[in-house]
Amino acid sequence: MSEDSRGRGRRAGTRRRKPPRRKGLTVAAWTAAGVVLLGGTGLGYVYFKFNGNLKSVDIDQALGADRPANVDNGSMDILVLGSDSRGGANGEYGKDDGGSARSDTAMIVHLYEGHQKASVISIPRDTMAPRPSCATAKGKTDPGSSRSQFNEAFTIGGAACAVKTVEKMSGIRMDHYIEVDFTGFKKIIDNLGGVEVTTTKPIKDDYSHLDLPPGTNKLNGEQALGLVRTRKSVGDGGDLGRIQLQQAFMKALIKQVKGIGVFDNPKRLLGLADSATKAITTDRALGDVKSLMGFAQGLQGIDSEDMNMITLPVTTDPRDANRVVPLTKESKMVWDALLADRPIPAEATAASVGDKGAAAGIVR
């Protein structure tokens with residue numbers, strides 16, 4: 001498939017409509033992605049500095065033709081991962097694993113035609129599903145598995161394998177890929193000046209080093225990272241509860257970005273852009289500042305109220321109570337809706353345990 005002038009994957013059929021430009025801040029693309037371009041047009045004179053910060057992966061070359069067909073209906077699908085390596089600067093969050101990375105946070109962001117609304121589907125890391133064959137970092141080929149924990153795909157084959165696994169699972173081609181790591185996430189939040197959240201009960205978690213009283217809390221980068229990693233001490237103590245905390249935090253982050261007046265503070269703007277471009281890895285099409293600027297323009301105007309966040313419809317794995325498996329019919333309803341650029345029907349999540357992690361409402 002060819003790429004359009006903005007580096008975005010073209011889908012067969014009619015051309016994508018260009019979304020109207022709107023003034024206002026870019027939505028924080030589910031942690032760092034949108035924050036990267038908060039400065040947008042103000043970054044020209046430091047273009048080369050920030051361009052050198054960016055890291056990218058050529059997903060198209062890695063996967064070749066072994067991908068779902070493009071369907072051009074004006075929508076866009078983005079796989080956003082949180083990288084969970086314990087190596088290097090991230091070693092303080094657990095035993096050093098020699099740099100082996102995991103994707104403990106995974107979301108498919110679907111931007112509807114016109115890019116004024118979005119659906120976000122969180123995929124639990126403990127989801128048991130088929131993993132396709134993937135190239136490994138050592139130049140070998142992993143044969144794949146009919147039953148594998150979802151986040152193992154990233155560990156085995158990096159970004160390309162994670163994208164391939166999601167595409168095989170959903171039947172939807174990912175237009176873009178964005179990855180954020182632990183250390184970079186902290187710096188982004190600190191450069192934003194913190195994010196304010198309200199907790200309805202205390203949260204104390206020794207594993208994520210978080211200790212928050214009930215009420216309004218302004219989280220610095222370390223606390224924000226602790227919140228999105230917390231699971232042992234909230235809800236059911238599992239990944240489903242953590243996803244609910246992550247979704248609540250993302251909405252708070254978007255509100256924060258919309259209200260802090262970044263354009264009025266050049267020092268904060270430059271510090272934010274510097275830390276954000278260092279924090280993320282993208283697909284090759286977004287691997288330069290100019291392409292990111294164009295991408296950001298397509299996200300402007302989306303607010304937290306314009307986002308529908310769900311967890312992939314899942315149920316408890318009958319073979320392992322600590323894992324989940326997708327609900328076949330309900331998951332298909334989600335993927336079919338996104339392919340057709342329609343809202344996700346409410347019945348798709350009615351039978352799922354995915355939104356029942358018992359952490360809903362703890363953070364708002």
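Details
- Evaluation of Ile260 against (1) within 25 Å of Ala159 (Cα to Cα); (2) modelled with pLDDT under 80; (3) not charged (D, E, K, R) (one fails), failing number: (1)
- You will find that of Pro130, Pro124, the residue that is buried (at least 23 other Cβ atoms within 10 Å of the Cβ) and in contact with a helix residue (DSSP H, G or I) (Cβ under 9 Å, 6 or more places away or on another chain) is Pro124 and no other.
- Of everything in segment 293-329 that is open to solvent by 30 Å² or more (accessible area, probe 1.4 Å) and acidic (Asp, Glu), the residue that is modelled with the lowest pLDDT is Asp303.
- Lone qualifier among Ala346, Ala337, Ala359 - being more than 19 Å from the chain's Cα centre (by Cα), surrounded by 15 or more Cβ atoms within 10 Å (Cβ to Cβ) and more than 21 Å from Phe249 (Cα to Cα): Ala337
- The requirement of being among the charged types (D, E, K, R), free of Cβ contacts under 8 Å to residues at least 40 places away in the same chain and touching a helix residue (DSSP H, G or I) at 6+ places or on another chain (Cβ under 9 Å) is satisfied by Asp205.
- Number of the condition not met by Thr282 [criteria: (1) outside any strand (DSSP E or B); (2) farther than 27 Å from Lys232 by Cα; (3) modelled with pLDDT under 95]: (1)
- Flag: Phe185 does not match the condition of being at pLDDT below 90, in a helix (DSSP H, G or I), among the hydrophobic types (A, V, I, L, M, F, W, C) and open to solvent by 50 Å² or more (accessible area, probe 1.4 Å).
- Which numbered condition Ile156 misses (of (1) open to solvent by less than 30 Å² (accessible area, probe 1.4 Å); (2) in contact with a Ser or Thr (Cβ under 8 Å, 6 or more places away or on another chain); (3) closer than 16 Å to Gly82 by Cα; (4) outside any loop (DSSP other than H, G, I, E, B)): (1)
The values are calculated or read from the model by the stated rules, or taken from the named source; none is laboratory data. Because the structure is predicted, anything quoted here is derived from the model rather than measured. Positions of Cβ are generated from backbone atoms using ideal geometry, with glycine treated the same way; all protein chains shown enter the neighbour counts. Just the protein is used for accessible areas: all its heavy atoms, side chains included, with ligands, DNA and RNA removed. Shrake-Rupley method; radii C 1.70, N 1.55, O 1.52, S 1.80 Å.
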